[in-house]
Amino acid sequence: MIQKEKYKGLTSTQVEENRKLYGANILTPPKREPLWKLFLEKFSDPIIRILLVAAFISLGISIRHGEFIETIGIFCAILLATGIAFWFETDANRKFDILNQVNDDTPVKVLRDGMFMEIPKKDIVKDDIIILETGDEIPADAEILESVSLSVNESTLTGEPSIEKSADPKEFDKDSTYPTNHLFRGTTIIEGHCICKVFAVGDSTEFGKVAEKSTEKGGEETPLNKQLEGLARVIGIVGFTLAIFTFSAMFVKDIFIGKTSYSGSQLYLLFTLISGLIISSSKIWMPIIFDGLAVVGLKKGLPKSFLTKSSTYWITIGILFILILSFFGYLFGINPLSTDTWIEWSTVEIILQYFMVAVTLIVVAVPEGLPMSVTLSLALSMRRMLQTNNLVRKMHA
């Protein structure tokens, strides 16, 4: 039998001193992002990014033609998909906070001032004498003083569903991950009972260290995100290629058999302007394609500083490209400032129509319902897991 009379425990003064020196038995919650930032993170989804580009392009076409149904539909799909994901994840975070608060208030048996009492788990301090029995969750890291037939479930730390613990040096297991006479926060007594002395609380516990590591954001993407990004890249490349091919075919047809005639100077300036615009908008226009090329470039050994330039950098490069080609054109007698080399407005309208047809191909190539389908599938899976007492914080897989 364990003799509790051998121990007096801490006094009230010692409790306060130890709490000031070593902290309370509470795990520091991970730093929370503000709600507005969490909501904006939902727009980093690869399909959502393409949809945003398509939505604004569609808006420009709608303003031109006066029909906004397609544009409204795309924006609704984007807001519904991001809104549902945001709501489910904030709801899960709120439930986690409630569970953590309840867990911190779990009563624990301690000896203080020579008296047996129960206090909330969060009020445990270093050097407290605690009494644990079968079924109890260990509230803090502690050294066993006395024990009887003690077995602990350490699966949360080591994966061991049952491991024998003892204060007797003769029963120590030298090959054990942790000392045989140590108990750790978050593990559970599955058999026996013991008296132990707390030597670490809160973030200083092994469980606290693991919890701190688990809150660190890893740079590796989940398989689902990789697949969605790959799909978005394929959609972007195919749509963009078809758009360029269609625009080029219609423009070339207009040059040779169309009613519009172009001079050599006009064609040169058109090529200069279109090429510069493509370079300027490369990172804004199709971010998925650009990111994919950047990844390939990094694997090929190209400098990261070049591949990770901002949109402002590429806009500047595009403008410089236009200026350089215009300068070379000027050397060969093509003056971009002369009205003789400018295209008539009626011709500009025809080119804009070709451009709108090409852009429409990109817009219709993007599946507006895909982000909503993925979000709803993940949300329903979260609800199904919640029914089996599994609470998911992030919708990743």
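Spin-label pair THR11-SER155: with each label point 7 Å from Cα along the Cα-Cβ axis, the two points sit 4.5 nm from one another. Taking amide H atoms as placed 1.01 Å from N in the peptide plane, the amide H of SER155 lies under 5 Å from those of GLU160, each 5 or more residues away in sequence or on another chain.
Karplus-derived 3J(HN,Hα) values for the range 134-150, using 6.51 cos²θ - 1.76 cosθ + 1.60 with θ = phi - 60°, are 3, x, 6, 8, 6, x, 7, 5, 8, 9, 6, 9, 8, 8, 9, 6, 8 Hz; glycine and proline are entered as x. Across the range 1-157, the convex hull enclosing all Cα atoms gives 152 Å³ per residue.
In this structure the amide hydrogen of ILE26, modeled in the peptide plane, comes within under 5 Å of the amide hydrogens of GLY202, ASP203, none closer than 5 places in sequence on its chain. For LYS165, the residues whose amide H sits under 5 Å from its own are LEU150, SER151, VAL152, ignoring neighbours fewer than 5 places away on the same chain, with H placed 1.01 Å from N.
Altogether, the Stokes-Einstein calculation at 4 °C and 1.567 mPa s, with the Kirkwood radius of the range 66-207 over Cα pairs as Rh, returns a diffusion coefficient of 73 µm²/s. With the simple spin-label model, which puts each label point 7 Å out from Cα in the Cβ direction, the ARG19 to ILE274 separation comes to 7.5 nm.
The numbers here are math on the coordinates, done by the rules we state, and not lab data. None of these values were measured; they are calculated from a predicted model. All Cβ positions, even for glycine, are placed from backbone atoms using ideal geometry, and neighbour counts span all protein chains on display.
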